[in-house]
Amino acid sequence: MTAMLELNGVSRRFEKKLDGVERLARRLGADLRETCVNAVDTASFTVARGEVVGLVGESGCGKSTLGRMVAGLLPVSDGEIRFEGIDITDARSARAREKRLRIQMIFQDPMSSLNPRMKVADIIGEAAVYHGLTNRQSVADYVDQLLEKVGLDRAFAQRYPHQMSGGQRQRIGIARALAVKPEFLICDESIAALDVSIQAQVINLFQDLRRDLDLTYLFISHDLGVVEHIADRVVVMYLGRIVEVAPTEALFDGPRHPYTQALLDQVPRLGAGRQVFRTVKGEIPSPLNPPPGCHFHPRCPMAGPRCRRDVPRRITEGDHSTACHLHDGGTE
Ligand SMILES: Nc1ncnc2c1ncn2[C@@H]1O[C@H](COP(=O)(O)OP(=O)(O)O)[C@@H](O)[C@H]1O
Ligand code: SF4
Ligand SMILES: [Mg+2]
C-alpha cells in the first residue's frame, strides 16, 4: 500500500548572509562567518490515508518548517516529498500544484492569517471560486454550507475577523481551508492560542471533520496531552532531526529515545489535566552550532563516547523506530 504522504530525506537549510556592517567588520579582522541552520535534517516518515500523525518537539526544532515544506509554502533544500505516489517536491510543477491543493495548512493565529478588510463570505469563498469549486452565483450557498460544517451560524458570512472571538476566527480559518476540498490538513499549533475550554471544542471539531470528510492530519503541537488524545502515531523531533516514531500508545507507554523519555518524565500523567512540555534538563543547544554526533548528547544521561562522534541511525523494530545508539549496538 502506498502511503498518502511520504517524506524521503527531506532537509531545509536557512543561510544567514552577512549584512554590510558585518562584511566590513570581517574585512577589519572580526571573526564573522555566514551561518547556516539545518532547520530540518533528512526527515523521513509516512502518513497513511485517514491517519492522524502528531509532530512534537521543543520550540525551534523544525516542526513548522517541516509543515510548511509539506504544504508547499517553503522550498525543500534536499530530499523528496510524495503525495499519493506523485512527486510534489517542486511545488511549481503542474502536477504538484494540483496535488498541493489537496493539502491545506491551518495556522496558530487566525487573526494574522485572515485578511482584516475582507468579510468572512469573501475569505471563505474566494479560493473556492478561483479554483472552480463553485461559481459567483452559488458561492453564498457554498459558504453557508462550510459555516455549518465548522459549527457557525450563516450570519457570520457578513462579519469581519475583528468582530469575532478567537475560537470563531479559528473556525473561519478551518472553513477557508475546507473550501478547496482538501484531503490532508496540516494543523500547526492550531489551538495553542485559544482558551483551554475553546481548545477542547476545536479539537472535537477536527475529530468530527476527520470522520465526516475522511481527512488525514499532520498535527503539530507542543502539547503532549492533546497529541496523546488526537494522534494515532507520533513523530518526535529534536534540533531538526526525527529521533523517534511510534504508535501513540507505544510511545506514551514505552518511549525508547532518551529525549522522548525526558519529555514524558516532565509531564504529570493520569488525571493531572494539562500535559504541556516543561523544560527538559539542560539548555537547547544553538541550532546554528549543534553538537556533533547525536545532537542530544550534552543533555543525555546515557551518553557515551560514540554519541559525541557518530550520528545515530534510525532503527525500526515493528512499527516503532528510534535514532539512538542504545538501540543500535551501544554508546561506547
Ligand atoms: N525563515 C527563516 N529564516 C531563518 N531561519 C529560520 C526561518 N524559519 C525558521 N528558522 C529557524 O529554523 C529553526 C526551526 O524553526 P521552526 O521550524 O519554526 O521550529 P518550531 O516550529 O519547531 O518551533 C529555528 O532555529 C528557526 O530559527
Ligand atoms: S545516541 Fe547517545 S546521546 Fe543520543 S540519545 Fe542515544 S544515548 Fe543519548
Ligand atoms: Mg512552530
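Observations
- Karplus-derived HN-Hα couplings along region 100-107 (A = 6.51, B = -1.76, C = 1.60, θ = phi - 60°), whole Hz, x at Gly and Pro: 4, 4, 6, 10, 10, 10, 10, 8
- Residue-wise HN-Hα couplings along region 87-93, as the Karplus relation 6.51 cos²θ - 1.76 cosθ + 1.60 with θ = phi - 60° gives them from phi, are 6, 10, 4, 8, 4, 8, 5 Hz; Gly and Pro carry x.
- The amide H of Thr35, built 1.01 Å from its N in the peptide plane, has Lys16 as neighbours under 5 Å, considering only residues 5 or more places off or on other chains.
- Ordering Leu55, Tyr238, Pro290 by Cα displacement along the dipole of the chain toward the positive end leaves Pro290 in first place; charges were set at the Cβ atoms of Lys, Arg (+1) and Asp, Glu (-1).
- When +1 charges are put on Lys and Arg Cβ atoms and -1 charges on Asp and Glu Cβ atoms, the dipole computed for region 278-318 relative to its Cα centre reaches about 60 debye.
- Within the same chain, lysines fewer than 8 places from Lys181 are excluded, and of the rest, those with a Cα less than 23 Å from its Cα are Lys99, Lys119, Lys149.
- Around the amide H of Met4, modelled in the peptide plane, lie the amide H atoms of Val47, Ala48, Arg49, all under 5 Å away and 5 or more residues distant in sequence or on another chain.
- By the rule of a C-alpha distance below 26 Å, with chain neighbours fewer than 8 residues away ignored, the lysines paired with Lys281 are Lys63.
- Loop trypsin sites (Lys or Arg not before Pro), region 89-188, which have at most 11 other Cβ atoms in a 10 Å radius of their Cβ (DSSP): Arg92, Arg117, Arg136
- Estimated vicinal HN-Hα couplings, Hz - region 309-314 in sequence order (Karplus 6.51, -1.76, 1.60; Gly, Pro = x): 10, 10, 6, x, 7, 8
- Within the straight-line cut-off of under 15 Å between alpha carbons, the aspartates and glutamates reachable from Lys17 are Asp31, Glu34, sequence neighbours fewer than 8 places apart in one chain being disregarded.
- Charge dipole (Cα centre; +1 on Lys/Arg Cβ, -1 on Asp/Glu Cβ; no other charges) of region 1-121 amounts to roughly 520 debye.
- Considering only Met302, Ala71, Met4, the residue lying farthest towards the positive end of the dipole of the chain is Ala71, judged by Cα position with unit charges set on Cβ.
- Amide H contacts of Gly57 (H built 1.01 Å from N, under 5 Å, at least 5 apart or other chain): Met237
- Global form of region 18-148, assessed from the alpha-carbon gyration tensor, a/c cut-off 1.5: prolate
- Taking max minus min of the alpha-carbon positions on each principal axis, the chain gives extents of 69, 57, 39 Å, largest first.
- Projected onto its three principal axes, the C-alpha set of region 281-332 covers 33, 23, 19 Å, listed from the longest axis down.
- Along its first, second and third principal axes, ordered by size, region 35-111 spans 33, 30, 28 Å in Cα coordinates.
- The charge dipole of the chain, taken about its Cα centre with unit charges on the Cβ of Lys, Arg, Asp and Glu (plus for the first two, minus for the last two), comes to roughly 900 debye.
Just so you know, all these numbers are worked out from the coordinates, no wet-lab data involved. Being a predicted model, the structure only gives us computed values, none of them experimental. Positions of Cβ are backbone-derived with ideal geometry, glycine not excepted, and every protein chain shown enters the neighbour counts.
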